[in-house]
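See below for the structure under consideration.
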Amino acid sequence: FTAETVNRNITRMVENLGAAFRALGYRTAGVRYAGSGLDRLAAGEVALSVNLNLAVPPDLMRHPVLRDAPAVLYGLDPPASALPYLGAWARATPHGRISQYATCFLDVLKLLPEQGAAPPFVLPHGADPLPPTPWEDRDVAVLFAGNLVSGRPPEAMRAAWADQAPEVRRAAEVTLDLARAEPMRAIELSALAALTALRGGQPDLSLSLGIAMGVDFYLRQEARWHLVQAMRRLPGAVVCGSGWEVLSGLPDTRARFLGPVDADLVTGLARRSRIVVNALQPQTESHERVFEGLAAGACVASTWSPFWERAFGGAMPLARTPQAFATLLPELIASGPALAERADRLTRMFRAGHTWRARARSLLEQAGLGAGRVSS
C-alpha cells in the first residue's frame, strides 16, 4: 500500500521495501491506501499484502483480491497512537499478522480481543545502503534530525499538564515515574496501571492511551533536548528540524541549525556526516534514523536500547542517558582514525542483516512464504 506522507519518510520506506521484494523475485503492485489500484489485480494473484504504517481502511482487507491472501501490518508507530486501528485491522483481517518495532509493544497488543492469525512479532526499521562517501570528504562532524515541537523546552510541555483534569495530571506524573523506573515496560501499560489505581480499580483504556501518548511524547522531546544541548557547542555539528530557535540563538552556539528539511536532504547530509545521532527512550528500541545513518556509512551513536546492544554489540556507541551525549560525542570526535574504523564495522554489520531486503525476507517468512524466490 502506498501514500504520500509528511517529509516523505514513510513514502520512501514503502518504495524501498517494494524494491526489496522485487529483488527477491516478486512482482509488486502499488495500491493506494484507500484501495485505488486493486482493480488491476485478480483474486488469487496476491501472494502477500503489506501495510507499512499507512491508514489503510480495515474494511478494504475484505476485498475479494485481498481477503484470502497473507497480510502483514508492519507497525512503526507506538501502540498508544495506533491501538484502535490495529484492533480494527485485526478484526477485518483474521488471516493477517501484526508486527511491532519494539518487544515491549507486544504486551500492549495483548489488550486487543483479536490479534490476527498468529501472534504478533517484532520487526525493526530498515534502510538501503547508499553509495559510500570517502571519510576524508565528510564535512559534518555530527548530524541530528528531529523537531522540538512547540519550540519550548520539554519541561514547559510537562508544566502544561497542570491544565488537565487533576486525575489525568496525576496519572501522567505516575506514568512518567514508572517509565523511568521500568524503562523496558511499555508506557501504555504503565499509564493503564496508573489510571486504574487512581480510579480504585476501574480501567479506562482510551484515556490511558491518551496519557501514554503525552508521556511518550514528553520523553522523546526530553531526549532530543539533552542531545541538542550537547551538540550546539560542537563545531561542525548540524541540527535539522523545526523549533530549535530557543537554542540556536544562544551566543556560544557553534552548531548549524538548518530548520525543517525533507527526508531526501537529510539523507544527503548523512552521507556527508561522520557521526549520526539518535536519541529516544529505551522502550522505543528501533528507529529509522539509526538505520539511515548506517546506510550512509556514518558512525551512528544512540541512546541505549536492548535491541541496539543485541544487533550491534560493542560496535555502536550507546549513551545510557541522553545527558551522557555531552561526554560521548566529544570523545567520539576526538577518537580520530578509530571513528572511521568503527563506522566501517557498523556499516558491514548493517549490510549483513538490516537492509530492506532483510526485512522483506522476514515478512515473507512470517507469512509462511519462505525467504524469497532468489538467493541474493
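The values are calculated or read from the model by the stated rules, or taken from the named source; none is laboratory data. Keep in mind that this is a model prediction, so the values were computed, not measured. Positions of Cβ are backbone-derived with ideal geometry, glycine not excepted, and every protein chain shown enters the neighbour counts.
Looking across R220, R233, R224, one residue alone is modelled with pLDDT of 95 or more, outside any helix (DSSP H, G or I) and of a type in the set (D, E, K, R). It is R233. For segment 1-52, a residue qualifies if it is of a type in the set (K, R) and under 23 Å from A371 (Cα atoms), and the qualifying residues are R12, R22, R27. Applying the criterion of being in contact with a Lys or Arg (Cβ under 9 Å, 6 or more places away or on another chain) and among the aliphatic types (A, V, I, L, M) to the residues of segment 335-349, the residue that is surrounded by the most Cβ atoms within 10 Å (Cβ to Cβ) is A343. When you scan segment 136-153, do you find a residue that is more than 26 Å from the chain's Cα centre (by Cα), modelled with pLDDT of 95 or more and either in a helix (DSSP H, G or I) or of a type in the set (S, T, Y) (or both), even just one? There is at least one residue in segment 136-153 that is more than 26 Å from the chain's Cα centre (by Cα), modelled with pLDDT of 95 or more and either in a helix (DSSP H, G or I) or of a type in the set (S, T, Y) (or both).
Within the set R180, R138, R152, the sole residue that is over 25 Å from L83 (Cα atoms), surrounded by fewer than 19 Cβ atoms within 10 Å (Cβ to Cβ) and not hydroxyl-bearing (S, T, Y) turns out to be R152.
The set of residues from segment 20-31 being in contact (Cβ under 8 Å) with a residue 24 or more places away in the chain and surrounded by fewer than 15 Cβ atoms within 10 Å (Cβ to Cβ) comprises G25, G30. The residue of segment 46-101 that is farthest from G116 (Cα to Cα), among those that are outside any helix (DSSP H, G or I) and hydroxyl-bearing (S, T, Y), is Y101.
Pairing residues of segment 334-349 that are over 16 Å from D128 (Cα atoms) with residues that are among the polar types (S, T, N, Q), at Cβ distances under 8 Å and at least 6 apart in sequence or on separate chains, gives R342/S335. Checking each residue of segment 76-85 against the condition of being buried (at least 18 other Cβ atoms within 10 Å of the Cβ), in contact with a strand residue (DSSP E or B) (Cβ under 7 Å, 6 or more places away or on another chain) and without any contact (Cβ under 8 Å) to a residue 40 or more places away in the chain gives no match.
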